[in-house]
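The next block holds one structure in the form of C-alpha cells; read it before the comments.
The values are calculated or read from the model by the stated rules, or taken from the named source; none is laboratory data. The shown structure was predicted, so the numbers you read here are calculated from the model rather than taken from an experiment. Note that we place each Cβ from the backbone using ideal geometry, even for glycine, and neighbour counts take in every protein chain shown. Note: accessible area is taken over every heavy atom of the protein model, side chains too, but ligands, DNA and RNA are not part of it. Shrake-Rupley method; radii C 1.70, N 1.55, O 1.52, S 1.80 Å.
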Amino acid sequence: MYSVPAASLLRFARRDIGLAAMNKSWSPEIEAFRREVRDFIRTHLPDDIRCQVAEERMDLPREDLIRWHKILHEQGGWGCPGWPVEHGGPGWNFEQQYVFERELALNDAPRLMIYGVGMLGPTLMEFGSDEQKRRFLPPILRGDVYWCQGFSEPNAGSDLAALKCRADRDGDDYIVNGSKIWTSDAHHADWIFGLYRTASDGKKQHGITFLLIDLDSPGITLRPLLMFEGTHEVNQVFFDNVRVPVTHRVGEEHRGWTYAKYLLGLERFGTAEISRSMASLGRLKTLVAEIAADAGGAYYRDAAANVEIELRALELTERRLLFGPGGPDAMGPEASMLKVRGTELQQCILELTMEAMGPAGQIDRPRDAQPGSNRTQLEQAGRNYFNYRKTSIYSGSNEIQKNIIAKAVLGL
Amino acid sequence: MNFQFSDEQTLIRDSISRFLADEYAFDRRLTLTADGLGYSDVHWQQFAELGWLALPFAEQYGGLDATPVETMIIMEQFGRGLMVSPYLSTIVFAGQLLANAGSEEQCETILPDVITGDRLLACAYAEPQSRRALSGVSTRAERDGDIFVINGDKSLAIYAECAHTLIVSARTSGVDHDAHGVSLFLVDTPTAGISMTHHRTHDGSRASDITLHNVTVSADKLIGELDNGLPALDFAIDVATAAVCAEASGAMWAVYEQTLAYLKTREQFGQTLGSLQALQHRLVDVYTSCELAQSAALDATLHLGADPAARRRAVSAAKVTIANHGKTVGQEGVQLHGGVGMTMELPIGHYLKRLTAINAAFGDANYHLRRYQNP
Ligand SMILES: Cc1cc2nc3c(=O)[nH]c(=O)nc-3n(C[C@H](O)[C@H](O)[C@H](O)COP(=O)(O)OP(=O)(O)OC[C@H]3O[C@@H](n4cnc5c(N)ncnc54)[C@H](O)[C@@H]3O)c2cc1C
C-alpha cells in the first residue's frame, strides 16, 4: 500500500522517471502481478486491435471488443477485473484492479466493455434479484451480451432526473414510450439498461425506475447520430409501446435513482484516463522529438514537457486519493477533480499532436481504412482531437463536476 | 479615424449575407461538402455574376479595383456561413499573387477568365520538408534553352484539385533555405509530369499533394524576376493570411451568436442555461474574443499596403490573436452546447473544424509568434 510521507514525495520529485519510481513502491507481490499482467497483454493482444487503440480510436468494432474480452476472460475472468470470484471474476483487491487497468492503458489494450462489466454487473450484484444475477451476469462475464446505457434524454442531460421516457405498468409488463439520446454503442449492443419515468408526482428523483430492455423488442428503433468529425458512436433510441416484463426491473419501482447514483459512482474512477494519457503522451513525445529546431521543435517539446509535468502531478494526486489512509472507499467527490483535469490534459495532448503535424494534421482520412496496415497512428490526429472534445461533456460534464467540487468538497 | 463601412461596402456585405442565407443553408452545405469537390459550380458562376470574383482585380482585366477591406468583408461573411469554395485559393491567394507580380501579358491571358469564373488558380508553394519556413524550397527548375524543367514535391496545395493553372515555387539557384534563388512559375494542369494525391480536409475543403516530374514550362511562364520570387510570394501569403483571419473572425461571431441563442433557450434544472452565472462569464469571454479577433483581422488588412516589416508584424500579430482566441471560441461553442455540440447535424462543431484548419494554414501560432518578433 502506498502512502505519502513528505520525504518520499521529495524523493519522487527528484527522480528522472517518477513513474518508474512509483512502480517500485508497489509491494513485491503487486509488482510481480503487474509484470504478469503486462507480459500477458503484450503476448496476447492481437496487433490489429492494438493498432486501433494506439490510433486513439474509441469506436472499436463490436467483434474486436468481444474478441479481446474473451481472451481476457479465458485467463481467469480478467475481462471483469472488478468482479468477485463468486461471480466468475478474478477477485482482485483494489490495487490489483488499478494496476491491471493501468497496464491495459499503457499497452494500448482496448477499454473494458464498460457498460456491462463496469456498470451494470456491479449494480446487479448489489441490487439485482437472484434470478437477474443468474440470467444476466454470466453472459457479461463471457462477453456474450453487449450492453449500452440509456440514461440521457433530449431534455434531460445534466439534469438527468428530469427524464421523461415513460414506463406504464400493464399487468406483468411495463409499456415504454419515448426516447433516449446519446446512447453510446446502441448500434453494437444487444441490451440497454436505463431509467424510465413511472411516476411524476413529487420530487423528480422519485418515480424513476431502472429497467433492462432487450434491444430486439418490437417497437425499438435506432437513429444513428454522427459526431461532427464523422464517427458513429452515439444514437437516439426510440421506444414505441415497447413491452418489458416486470421481472426486468432492477430493485423497486420508483426507486431507480438510488441505483443509478450507485452505478454512476462506479464510473468515477475510470474517466480521468490518466494512464491512457500517458500512452498518448508517449506518442506525442516521439512525434515532437523529430521536429527541427527551426520548425518549432523547441516549442512543441516544451509544450509536451509541460503536459507531462501536469500529468505527473495528477497521477500522484489520483494515487494519494485512492491509496491514502482510508483506501479507495474514502475517496469522495474529489474524484470529480480527477475527471476534469484528466480530460483537459487528454484533450491537450491530442490537440498538441494534431498541431505538431502542421497542415497534415488536417487531412480527413476515412475511419474504415484497414487498421494497422500501412498507416501510422498520426493519420487520425485531427479526428482524434475533434472526437475527444466529447470527454469534457459526457460522464458528467466538466461544469457539473466543478459544481460538485464546489458544493461537496469546498462546502460552498 | 473612421471605422465605418462605406455604403458600397455595406451593400457587398449584405448581398453576401443574403446569398448565404438563400443558397447556402447548413444542410445544403453538408450535402455539398460530402463529396466531389466540396462546392457547387453553380455557386461559383453566381459569385462571378455578383462580381465577387472581380473585386480585387484591376479594371483593365475586368476587375473592380476594390481594396483589401472588401476582401475582408467577403471573407468575414464566408466565415459566418462556413462557405467552402476555391475563393481563397483562386481569387485571394494565387489571383492576387499573379496580379501583383505577373507581367501584363500574363495577367491579360489569365485574369479575365478568372473573373468570369472560367479559370481556377491555386498556389503550390509548401513542401513536405519545408514545414513552416518559406524559403524551404527544394523543388528545382533547371533552365534548358527556352524552357524550364521542374522537379520536386509540393504538399497540401489548397484546391489544386480543380485548378486550371498552378503557381509553383521552385529553386532556380542556391540551396534549400536560401531566401534568394526561388522563382515562381505558371504551370497549367493537367500537364505531363504532374501527378496529384487529393485529400479531403476536416473543414470540408480539398488539398492536394503534388509531384512534379520533369515538368516543362516555357520561359514566358516565369512570374516576375528570376531568383527573386520570394518577396512576392511572402506578400501574397500575407494577403491570404489576412483573409483567413477575417474569415475566422466571422466564424467566431457565428459561434458566439449561436451559442448565445442556445443558452437563452436550453433549460436544465428548471432554468435556462443562460441564467447560470458560471456560463454567463464563459460567454462574456467568448464575446470579448470575437471583438479582439475582429480588430486583429482589421489590423492585418489595413497593413497589407504598408512596408514589408510593418505588414509582416501586423499580419503575424493577427494570426496569433486568431489562433489563441479562435481556438478557445471554437472549443467553447462545442462545450457549451453539450451533446448536440458534438453532432454532424449542428454547425457548431464545423466552426471548430474550420477554425482549427485556419490555425494550421499559412503558419501556426508558434511560427507567427517568432515572425512577429523578427519580421
Ligand atoms: C459522445 C457522447 C457519448 C455519450 N454516451 C452516453 C451514453 O452512453 N448514455 C447516456 O445516457 N448518455 C450519454 N451521453 C450523454 C451525456 O451524459 C450528456 O451529453 C451530458 O450529461 C450533458 O448533457 P446535455 O448534452 O444535455 O448538455 P446540457 O445539460 O444541456 O449542457 C449544456 C452545457 O451547459 C452546461 N451546464 C449544464 N448545467 C449546468 C450547470 N448547472 N452549471 C454549469 N454548467 C451547466 C454543461 O456542462 C454543458 O456545457 C453521451 C454524450 C456524448 C457527447
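Give, as residue ranges, the strands (runs of 3 or more DSSP E) completely inside region A:205-281 that count at least 3 residues that are within 23 Å of B:GLY341 (Cβ to Cβ).
Filter on region A:205-281 gives A:220-226, A:232-245.
Considering only region B:324-346, I want to know if a residue exists there that is away from the ligand (no atom under 16 Å from the Cβ) and outside any helix (DSSP H, G or I). So that I can check it myself, show each step before the final result.
Pass one, region B:324-346, residues away from the ligand (no atom under 16 Å from the Cβ): B:324-327.
Now drop any that are not outside any helix (DSSP H, G or I), which leaves none.
No, region B:324-346 has no match at all.
What's the number of the only condition in (1) over 22 Å from the mean Cα position of the chain (by Cα); (2) more than 30 Å from A:ASP201 (Cα to Cα); (3) surrounded by 15 or more Cβ atoms within 10 Å (Cβ to Cβ) that A:ARG249 fails to meet? All conditions are met except number (2). Among the residues of region B:237-274, those identified as part of a helix (DSSP H, G or I), out of contact with any helix residue (DSSP H, G or I) (no Cβ under 7 Å at 6 or more places or on another chain) and either away from the ligand (no atom under 13 Å from the Cβ) or acidic (Asp, Glu) (or both) are B:ILE237, B:GLU257, B:ALA261. Listed by first and then second residue, the pairs with beta-carbon distance under 8 Å, at least 6 apart or on different chains, first residue in region B:1-21 and without any contact (Cβ under 8 Å) to a residue 60 or more places away in the chain, second of a type in the set (A, V, I, L, M) and outside any helix (DSSP H, G or I), are B:SER15/B:LEU50; B:PHE19/B:LEU50.
Inspection of region B:332-345 finds no residue satisfying the criterion of being more than 9 Å from every other protein chain (Cβ to nearest Cβ) and under 20 Å from the mean Cα position of the chain (by Cα). Taken over region A:397-412, residues that are part of a loop (DSSP other than H, G, I, E, B) and either at pLDDT below 95 or at the interface with chain B (Cβ under 10 Å from one of its Cβ atoms) (or both) amount to 1.
Please state which one of A:PHE136, A:PHE127 is aromatic (Phe, Trp, Tyr), away from the ligand (no atom under 13 Å from the Cβ) and open to solvent by 60 Å² or more (accessible area, probe 1.4 Å).
Numbers: A:PHE136 fails: open to solvent by 60 Å² or more (accessible area, probe 1.4 Å).
On inspection, the qualifying residue turns out to be A:PHE127.
Whenever a residue of region B:195-213 is within 24 Å of B:ASN151 (Cβ to Cβ) and β-branched (Val, Ile, Thr), its partners that are open to solvent by less than 50 Å² (accessible area, probe 1.4 Å) and not in a strand (DSSP E or B), lying with C-beta atoms within less than 7 angstrom and at least six residues away or across chains, give the pairs B:ILE210/B:ALA160. Here B:LEU53 does not qualify as closer than 27 Å to B:LEU346 by Cβ, touching a residue at least 12 places away in the same chain (Cβ under 8 Å) and in a loop (DSSP other than H, G, I, E, B).
You will find that of A:THR343, A:THR353, A:THR317, the residue that is more than 16 Å from the ligand (Cβ to nearest atom), part of a helix (DSSP H, G or I) and surrounded by 23 or more Cβ atoms within 10 Å (Cβ to Cβ) is A:THR353 and no other.
Taking strands (runs of 3 or more DSSP E) that fall entirely within region A:141-186, which contain at least 3 residues that are under 19 Å from the mean Cα position of the chain (by Cα), within 16 Å of the ligand (Cβ to nearest atom) and buried (at least 21 other Cβ atoms within 10 Å of the Cβ)? Please lay out each step first, then the result.
Values: elements: A:147-150, A:166-170, A:173-180.
The strands (runs of 3 or more DSSP E) meeting that bar are A:147-150.
Can you tell me which residue in region B:275-302 is nearest to the ligand (Cβ to nearest atom), limited to those that are buried (at least 18 other Cβ atoms within 10 Å of the Cβ) and among the polar types (S, T, N, Q)? Once the filter is applied, the top-ranked residue is B:SER289.
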